[in-house]
Amino acid sequence: MKTLGERIRYARKARGLVQQQVATHLGIARVNITQWEADQTKPEAKRLPELATLLGVTESWLLSRSGEDPQPAKPGKQADKPVSRIIPGQQLISPEKMPVYAAAQGGDGHVIVSFDAVDYVKRPAELESVRGGYGLLVAGDSMVPAFRGGDMALVNPHLPPSREKNVILYHTPPHGGDVEAIIKQLNGWNDREWHLQQWNPFREFTEFRQEWPICHRVVGRYDAR
């Protein structure tokens, strides 16, 4: 494992992941992972922290093989549950601020969101120029370990739905006042239904799009303070 590409491939296989899973988690095309592993291209420096976390290694190991090699996954063992993307502090570059809204626990895994800002925080790079970008303080534990109560979901309301991404679905349009919402992983959809997943307890289920017409994409997370 003399090259970065060889170490990425080794760590990915040790983690029990296929290239598409890595690409989906990073929000890029699978061909990028193929090119990295073949040492045709290299990942951008800003992607290394997230890539290392996903592969269960350190950045130092990826760059120079410093430390112990990851142990291959046992046959039949799958990788740990994916976690929501954590944005490094150095990417919080915008002097502008965005609103933060609070949620209260409702019934059946739902939350009640109040669109009266409870705080304002610096915009991360992903939302630097996004009009209407916001943060939502998560309530409840249905998405642990991706989100824990008190974590802040960073939301881009303009991105289209995407498979295997965390989203917030709204029962009523979020134009003011209190609205009902759910935060889940979106596994797919059709003309009638959203196909959703939560982690705690693990459950896959569907909701009618007519009842939950608004889908906002989660692009990152701030840990609870």
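Contact list please: Cβ distance under 9 Å, first residue in region 15-37 and within 16 Å of Thr53 (Cβ to Cβ), second residue among the acidic types (Asp, Glu), pairs at least six apart or on different chains.
Arg15/Asp80; Gln21/Glu164; Thr24/Glu164; His25/Glu50; His25/Glu164; Leu26/Glu50
When you scan region 10-31, do you find a residue that is more than 27 Å from Val219 (Cβ to Cβ) and either buried (at least 18 other Cβ atoms within 10 Å of the Cβ) or hydroxyl-bearing (Ser, Thr, Tyr) (or both), even just one?
So the first thing to find is which residues in region 10-31 are more than 27 Å from Val219 (Cβ to Cβ), and the list is 10, 13-14.
Still in the list and also either buried (at least 18 other Cβ atoms within 10 Å of the Cβ) or hydroxyl-bearing (Ser, Thr, Tyr) (or both): 10.
Within region 10-31 (the criterion being more than 27 Å from Val219 (Cβ to Cβ) and either buried (at least 18 other Cβ atoms within 10 Å of the Cβ) or hydroxyl-bearing (Ser, Thr, Tyr) (or both)), the answer is yes, since at least one residue qualifies.
Could you list, in sequence order, all residues of region 200-224 that are within 16 Å of the chain's Cα centre (by Cα), in a strand (DSSP E or B) and charged (D, E, K, R)?
Scanning region 200-224 gives Arg217, Arg221.
What are the residues in region 101-137 that are over 15 Å from Thr172 (Cβ atoms) and touching a Gly at 6+ places or on another chain (Cβ under 7 Å), if any? Spell out the reasoning first.
Of all residues in region 101-137, those over 15 Å from Thr172 (Cβ atoms) come to 102, 104-105, 107-109, 116-137.
Matches in region 101-137: Gln105, Gly109, Val121, Arg123, Pro124, Glu126, Leu127, Leu137.
Got at least one residue in region 157-173 being in a strand (DSSP E or B), of a type in the set (D, E, K, R), closer than 30 Å to Glu128 by Cα and under 21 Å from the mean Cα position of the chain (by Cα)?
Looking only at region 157-173, we keep the residues that are in a strand (DSSP E or B), and these are 165-170.
Remaining after also requiring of a type in the set (D, E, K, R): 165.
Going one step further and asking which of them are closer than 30 Å to Glu128 by Cα, we end up with 165.
So of that shortlist, the ones also under 21 Å from the mean Cα position of the chain (by Cα) come out as 165.
So far as region 157-173 goes, yes, one or more of its residues are in a strand (DSSP E or B), of a type in the set (D, E, K, R), closer than 30 Å to Glu128 by Cα and under 21 Å from the mean Cα position of the chain (by Cα).
Taking only region 129-154 into account, find how many residues are touching a helix residue (DSSP H, G or I) at 6+ places or on another chain (Cβ under 8 Å) and hydrophobic (A, V, I, L, M, F, W, C).
1
Results for (1) outside any helix (DSSP H, G or I); (2) out of contact with any His (no Cβ under 7 Å at 6 or more places or on another chain); (3) modelled with pLDDT of 90 or more, shown as yes or no for each residue.
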site: Met1; (1), (2), (3): yes, yes, no
site: Glu6; (1), (2), (3): no, yes, yes
site: Arg9; (1), (2), (3): no, yes, yes
site: Lys13; (1), (2), (3): no, yes, yes
site: Gln21; (1), (2), (3): no, yes, no
site: His25; (1), (2), (3): no, yes, no
site: Ile28; (1), (2), (3): yes, yes, no
site: Ile33; (1), (2), (3): no, yes, yes
site: Ser60; (1), (2), (3): no, yes, no
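Quick check on my filter: what residues within region 123-171 are of a type in the set (Lys, Arg) and within 23 Å of Glu96 (Cα to Cα)?
Going through region 123-171, the residues of a type in the set (Lys, Arg) turn out to be 123, 131, 148, 163, 165.
The answer is Arg123, Arg131.
Of all residues in region 115-155, which are in contact with an Asp or Glu (Cβ under 7 Å, 6 or more places away or on another chain) and not in a loop (DSSP other than H, G, I, E, B)?
In the first step, residues of region 115-155 are kept if they are in contact with an Asp or Glu (Cβ under 7 Å, 6 or more places away or on another chain); the result is 123, 138, 148-149, 151, 154.
The one that is in contact with an Asp or Glu (Cβ under 7 Å, 6 or more places away or on another chain) and not in a loop (DSSP other than H, G, I, E, B): Leu154.
The values are calculated or read from the model by the stated rules, or taken from the named source; none is laboratory data. Fair warning: this is a prediction, and the values are worked out from it, not measured in the lab. A quick note on method: Cβ atoms are made from the backbone with ideal geometry, for glycine too, and the neighbour counts reach across all protein chains shown.
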